[in-house]
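Asks: Structure incoming, see below.
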Amino acid sequence: MIPSLSEDCGQCAALCCLALAFDRGNSFGIDKPAGVPCPNLSGHACSIHDRLESEGFSGCVRYSCTGAGQRVVQELFAGRSWQDDPALTAPMMEAFRGMREIQERLAQLSAAQGLALSEEDAAEAEALIGALVPRAVTTESVIAFPGSPLSARIDGFVRSLRRYVTA
């Protein structure tokens, strides 16, 4: 079964507000390097959430981690937070990077299942989803996913599906 592909910020530890970098411009009101908490962060919540657009943070409004944040916090770190234990900051950021890629691939494969795939391609999509959603996910496997053979296999498979999509 595919985990939720929608973010649930209440089950996260504001990982996007920590791990992601942003550049001042049309989408963000400030420069913020990766690994530095957003100055608008208050605990695990955004202090300007109700006025992000007007404060110049439309990029935050549009952003979705596709459920990676809550998976990292709940599945890999048992609800713990980098804010409560600063030693978790780097491992949680690394896991968030990997989980974002996993969730993006799951979203692509899920969308592919909506196409009129051949039996062979449908079986491959199902097998790849199964490889991304093992019974127990580990921090090590998540961190190792970007650039892995499985990641490359999924990317190649998704590219091969262009033949099912008409312009």
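Asks: Under unit Cβ charges (Lys, Arg +1; Asp, Glu -1), what dipole magnitude, rounded to 20 debye, does the chain have relative to its Cα centre?
Replies: 220
Asks: Once every DSSP H run of n ≥ 4 in the chain is given -39500 (n - 2.57) and the sum is divided by its residues, what mean residue ellipticity at 222 nm do you get, rounded to the nearest 500 deg cm²/dmol?
Replies: Calculated at 222 nm, the ellipticity per residue is -12000 deg cm²/dmol.
Asks: So, one more: Which are the unpartnered cysteines of the chain, meaning those with no other cysteine Cβ under 4.7 Å from their Cβ?
Replies: Cys9, Cys12, Cys16, Cys46, Cys60, Cys65
Asks: Take His44, His49 and order them by how many other Cβ atoms sit within 10 Å, fewest up front.
Replies: His49, His44
Asks: Please list, in chain and number order, the residues 5+ apart from Leu41 or on another chain whose amide H is under 5 Å from its amide H, with Hs placed from the backbone.
Replies: Distant-sequence amide H within range of Leu41: Ser47.
Read-outs throughout are calculated quantities, based only on the coordinates presented, and are distinct from any laboratory measurement. Please read these numbers as outputs of a predicted model, since none were measured by experiment. No Cβ is skipped: glycine too gets one built from the backbone with ideal geometry, and neighbour counts run over all protein chains shown.
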